[in-house]
1. Could you count how many residues in the range B:39-82 are without any contact (Cβ under 8 Å) to a residue 60 or more places away in the chain and touching a Pro at 6+ places or on another chain (Cβ under 7 Å)?
2. Search the range B:212-271 for residues being basic (Lys, Arg) and assigned to a helix (DSSP H, G or I), and hand back the single one that is farthest from the chain's Cα centre (by Cα).
3. Looking at the range B:385-408, which of its residues are farther than 20 Å from residue B:260 by Cβ, among the hydrophobic types (A, V, I, L, M, F, W, C) and not in a helix (DSSP H, G or I)?
4. Considering the range A:425-438 alone, what residues qualify as being buried (at least 23 other Cβ atoms within 10 Å of the Cβ) and in a loop (DSSP other than H, G, I, E, B)?
5. May I ask you to list the residues in the range A:353-377 that are over 30 Å from residue A:413 (Cβ atoms) and either in contact with a helix residue (DSSP H, G or I) (Cβ under 9 Å, 6 or more places away or on another chain) or surrounded by 19 or more Cβ atoms within 10 Å (Cβ to Cβ) (or both)?
6. Looking for something farther than 25 Å from residue A:166 by Cβ, out of contact with any Leu (no Cβ under 8 Å at 6 or more places or on another chain) and of a type in the set (Val, Ile, Thr) - is there at least one such residue anywhere in the range A:98-105?
7. Would you say residue A:313 is surrounded by 23 or more Cβ atoms within 10 Å (Cβ to Cβ), within 12 Å of another protein chain (Cβ to nearest Cβ) and basic (Lys, Arg)?
8. With respect to residue B:257, determine if the residue is over 30 Å from residue B:153 (Cα atoms), more than 13 Å from every other protein chain (Cβ to nearest Cβ), surrounded by fewer than 22 Cβ atoms within 10 Å (Cβ to Cβ) and of a type outside the set (A, V, I, L, M).
Number of protein chains: 2
Amino acid sequence: MSEAVAEALVARKDEILERLKALLRLPSVSTDPAYAEGMKATREFLLARLKEAGLTDVRLLDGGGQPAVTGAWMGAPGKPTLIVYGHYDVQPPDPLNLWTSPPFEPTIRDGRLYARGASDVKGSTLIAVETVAAFIAAGGCPVNIRFFLEGEEEIGSPSLLTLIERNRDALVADAVLSADGGRASTTLPTVNVGSRGLTKLEVTLRTASKDMHSGRYGGAVRNANHELAKLIAGLHDEAGRINVPGFFDDLAPIGLRERADAAALAMKAAEFYGDIGAVPYGDPALGLRERITLMPTIEVNGMWGGYTGAGSKTVLPCEAHAKFTMRLGPGQDPARVQKVLRDHLLAKAPAGVTLEFLDQDAGSPAFTLREGHPLLVAAERVIETTTGRAPVRARIGGTLPITAIFQETLGLDTLMFGYAMPDEDVHAPNEFFRLSSLEEGLRGWPLLLTELGKVTPEALRGR
Amino acid sequence: MSEAVAEALVARKDEILERLKALLRLPSVSTDPAYAEGMKATREFLLARLKEAGLTDVRLLDGGGQPAVTGAWMGAPGKPTLIVYGHYDVQPPDPLNLWTSPPFEPTIRDGRLYARGASDVKGSTLIAVETVAAFIAAGGCPVNIRFFLEGEEEIGSPSLLTLIERNRDALVADAVLSADGGRASTTLPTVNVGSRGLTKLEVTLRTASKDMHSGRYGGAVRNANHELAKLIAGLHDEAGRINVPGFFDDLAPIGLRERADAAALAMKAAEFYGDIGAVPYGDPALGLRERITLMPTIEVNGMWGGYTGAGSKTVLPCEAHAKFTMRLGPGQDPARVQKVLRDHLLAKAPAGVTLEFLDQDAGSPAFTLREGHPLLVAAERVIETTTGRAPVRARIGGTLPITAIFQETLGLDTLMFGYAMPDEDVHAPNEFFRLSSLEEGLRGWPLLLTELGKVTPEALRGR
């Protein structure tokens, strides 16, 4: 049946392309209240499509911010229930003058569909919706489906947790399929198997009870900027390796398969660094992709102290601040790593230097689809079938908040199964989605749902 | 004649106190436009007093900001001409609720006159004005006088240079006597013999051409905050000594007399540090006063990079900034020291890290009244005569802009000869001036002018 549904979808691909263009014409920029109408129109578009496709319980889920769109098809009793995640909001289109064709007038050039949101992530989201619609039209879906189409992904999902907590009844499921989180290569088929975790720490350092005049006190009092700089400077060695005792204690060693996968996806350093105007850096014992996907990091995302306005002020500052985030590798416990950094900074602070830490949540661990996980097995089978090649396993360096949030709140594993490619200028002018990816997705998603229909709910939930 | 003038002044001290109270009732806060009326009334008060006292060319000098008040007495041909510097503006009185009596209602308690500006510097300024008035009333002054009463000292004298350039004719003189710059001790008589210099440097550090996402790039790109922190951390050793090759090359060695003076004025570390809630710090080979008056410093007055707003942002910043100022010890050339720091930072920046320096003026060297300078000889004689004790020579750690500006623009040396004491809460609530200092000043200033009347103009100008 999967085959037939896929063929039916591909046969209707022009119609689906028109539907995607209609969806892309709706300017759903979540960060800017000026686009409130576009957000509303997009929700209405999706609600109408889900209803028309025969889903039930089609409605908005409210979490206090931009609502999510949901709709269910529960016609496969005993089969797994999958949350299908996507998001309908897009990045702002600015700078407008750099677009070749207007961002909300979808335009095809050279087999590419140019529009804001085409790649991130309306294209892949619509593939999922149309796949479910086609199964229902053909008599039923191999699995139960609960759509969860978010409207705040591009602004950091501020109300996602509340939204999930308030609507747990609409989110009872066995696993999550995400239309967001695409391919890692334009040339090799890949499957996403993990992402780095994230934990953070914010510190205020003090050396005195008030700011001082550098003429009266300079030479006899610790400057908070200097002290903070010393602490930050000590966190890495010359090559950029983290220099904090205990930091790596719970990091899983990089295995042979991971090495091979990273090698298969080896990044071209010249391109990687050329794009950002930087020079190579980081642990020389590791490849570039290993460094940015498997290894943890400590970054000072922000630091400030003293006078930062125009001109000059001879203040000897008593206070300085730093915001740290740490990307976590597989195995690392966010709370432990956060504590390791805190303890290290406290141990390094000399007498007379006090540190105050902001209360912060522990963060999210790295996510890994373990070997043999039914989501991974299904994904690899689908990709091999549709592309004719066994996919390379790819990890991403970032942290997908939804992966962590679905795990923490609902205990569900997520498979990222989007069709976006890494060069499609998401968040930039001239974003595009390949028409070939649309067709590939319309073949892949039916197969994926069919493969998962062969799995028990328990197997999907077992970790 | 000095004796007679001093006695006449002291006999009239109640009248002078009333005049000072009238001056203190005028709220001349230069930083706040709401006090424009108070500034104007203060200028009119001073213009009227100078005219009434018999000075000529009494008028306002304009430099584009708050005008200065001037007036001359040139009745001693062949004698030196002295600019008498003071300022009529005051600091804002906030926080008002911490004042025991209102800041602009001068109130005497326990031999102290409480009011904003009493110590800084209307008290000492009026002593100088009344001294000149008394000499003129008694038949003439031992030296020629040009008053220069500034209205922008408390906001950093933004138009002082322009004001001097535009009014050079009113400022032809042989030396400067400043009513600002008071005593260094409440228990020992002191004479001010110098101040540290100042030079600055502002740098922007870059590691890439754009800000990056820490998930995509973290672990493989230099973070501008880390690189700036490393440069800053390397500027001092653990004890706080400057660790920049060549920095001390032109610093004059600390002499025996300077050591003895600093020792005589030794500061109580417990008080010094207790007041600011800090712990002792700085070159252990030097005393506290030596560290903050004779030794140069490098301070990062401000540093910033990346995201400094609320919450967290996983940016890997490509740019970070620092504002440096350096206090200079005797002998140091500001332009050379600025260049030494710049070259050091450039030498320490690793490949891929670029530094851009803001164009800045070279700054001001430390100021020292050399041994045997007629201003110093006169000041020491006056203080010994009026207090019965040889004064200790005191240097200040700060940089008096007027000292440097009068030197640079007019080639004139400055004697700081104010009567403020270091505990009089200038710039804070409950500022006060000792009534005993008023009387001491009314004895000291006549003697000072008399002593300087014995010196040739050439001797004052010779360095």
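The values are calculated or read from the model by the stated rules, or taken from the named source; none is laboratory data. Note that the coordinates shown come from a computational prediction; the quantities given were computed from them, not determined experimentally. Every residue, glycine among them, receives a Cβ derived from its backbone with ideal geometry; neighbour counts consider all protein chains shown.
1. 1
2. B:216
3. The answer is B:400, and nothing else.
4. Within the range A:425-438, just A:431 meets the criteria.
5. The answer is A:353, A:355, A:357.
6. The answer is yes; a qualifying residue exists.
7. no
8. Working: over 30 Å from residue B:153 (Cα atoms): yes; more than 13 Å from every other protein chain (Cβ to nearest Cβ): yes; surrounded by fewer than 22 Cβ atoms within 10 Å (Cβ to Cβ): yes; of a type outside the set (A, V, I, L, M): yes.
In short, yes.
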